[in-house]
Amino acid sequence: MIPFINIRAQREAYLSEFKQAEQDVLDSGCFIGGPVVQALESELAEFTRAKHAITCGSGTDALTIALLALGLKPGDEVIVPDFTFIAPAECVMRLGGIPKFADIDSETLQVSVESIANLITPKTKGIIAVNLFGQCAPYEKIRECAQTNGLWLIEDSAQAFGAMQNGVPACTFGDIAITSFYPAKPLGCYGDGGALFTANDELAQKIRLIANHGSQTRYIHEICGMNSRLDALQAAVLRVKLRHFKDELKKRSENARKYNEFFNAVPGIAPQEIANGNTSTYAQYTVLAENRKSFIEKLDAAEIPYCIHYPQPLHTQPCFKGLSASRDGASNAIEACQKVVSLPMCAFTDVEEIIARLRKTTI
Ligand SMILES: Cc1ncc(COP(=O)(O)O)c(C=O)c1O
């Protein structure tokens, strides 16, 4: 079976580098924080051109820390996309905030600025924009909307570390940006991990404080924080992968180009559109299939794995029962959930083999 993401091939490719980096950490006796984590944070800041890069335990933690740093209070409303992974809405809800679900653009699948504007009320405090499937949300308009309405902006770049918009790297568009190093992400570690990015010194200080039990000086706790730290082994793995990341992004783009060339000639299948000025990390290579059932039958017959990102809009999730009125339209989100199919994608995916199998499958 073709793997959906070939993490094993990636390990094989850089094996000696991984082994050395992992051994060095194990021999150092320094497992939480320390020089390897600090070195990774400098490299992440350099890569994104963000002033501050601060690692933490996961992308979900990063969102929670960002909301705490921005001062979210119970009852505050935060606008999130209706079509994405649950984490942004979940983190708002867990802190007592109220997620409001914005619709998406039907072709790029990114959050719609018009829909965001329709959801703003006197209780709205901020926006979490998601860089869905690896390309940036439309930040020029989102930032204008946030500024005009006095809202803060979190850029959820869990899927798009390494993407660019008009020559500017992802992770620099929000008051705070976050990313995830979950193993399946384009830059993934061997467990959970995440990071926050900001240009604001005060926010950076708050973020570090919250992520480390509210403490700057050992056993002095200025606020009630949390334990959310990236460990040194994960940092070592990420540093190896970061060295190869630009090459991997090129290979992912090349794979997407091959898929696009094939699917553009297949009636009823439309690849997610990449907006002008955007590059994508292709965290997912996703198409919209007019007849998803028959497309999936083809994939099954050709033994090609696939995923449905995502099967239902967030406003219909059982955990948000009672909030279904907190949405704006959502017709594009609903339609996307009925049509989307994600195909195998990473720097080690043999897209030519996948296309050859699809060409041979007649059902
Ligand atoms: C858009 C988005 N935000 C946040 C997260 C949460 O990241 P993590 O799994 O590292 O907690 C994910 C993970 O898939 C995601 O896709």
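Bear in mind these aren't lab numbers, they're just calculated from the coordinates by the rules spelled out. It should be emphasised that the depicted structure is a prediction, and the values quoted were computed from it without experimental measurement. Please note: Cβ atoms are built from the backbone with ideal geometry, for glycine as well, and neighbour counts cover all protein chains shown.
Annotations
- Net charge, G214 excluded, C-beta distance under 15 Å - Lys, Arg +1, Asp, Glu -1: +2
- Note on A301 and N149: the model spin-label points, each 7 Å out from Cα along the C-beta direction, lie 4.7 nm apart.
- Note: relative contact order over the range 7-240, using C-alpha pairs below 8 Å and six or more positions apart, is 26 percent.
- DSSP bridge orientation in the chain - percent antiparallel, rounded to nearest 5: 60 percent
- Restricting the GluC sites (Glu not before Pro) of the range 178-276 to loop positions (DSSP other than H, G, I, E, B) with no more than 13 neighbouring Cβ atoms within 10 Å leaves E222.
- Sorted by Cβ density within 10 Å, fewest first, the residues Y139, Y190: Y190, Y139
- Among the trypsin sites (Lys or Arg not before Pro) in the range 1-63, those located in a DSSP loop and surrounded by at most 14 other Cβ atoms within 10 Å of their own Cβ are R49, K51.
- Looking at the range 291-363, the GluC sites (Glu not before Pro) that sit in a DSSP loop and have at most 15 other Cβ atoms within 10 Å of their own Cβ are E303.
- Within straight-line reach of K258, meaning a Cα separation under 22 Å, sit the following lysines at least 8 residues removed in sequence or on another chain: K185, K246, K250, K298, K339, K360.
- Here the 3J(HN,Hα) profile of the range 8-22, calculated from phi with Karplus coefficients 6.51, -1.76 and 1.60 at θ = phi - 60°, is 5, 5, 5, 5, 4, 5, 10, 3, 5, 5, 4, 4, 5, 5, 5 Hz, Gly and Pro shown as x.
- For the range 133-234, share of DSSP beta bridges that run antiparallel, in % to the nearest 5: 75 percent
- In plain terms, the residue of D61, D247 with the fewest other Cβ atoms within 10 Å comes first and the most crowded comes last, giving D247, D61.
- Counting only residues at least eight positions apart within a chain, or on another chain, the aspartates and glutamates with an alpha carbon under 17 Å from that of K321 are E77, D82, E90.
- Neighbour counts of other Cβ atoms within 10 Å put Y259, Y306 in the fewest-to-most order Y306, Y259.
- The 3J(HN,Hα) values that the Karplus relation (6.51, -1.76, 1.60; θ = phi - 60°) gives for the range 60-67 are, in residue order, 5, 4, 4, 5, 4, 4, 4, 5 Hz. Gly and Pro appear as x.
- Ignoring aspartates and glutamates fewer than eight residues from K251 along the same chain, the ones with Cα atoms less than 18 angstrom from its Cα are E12, E261, D350, E352, E353.
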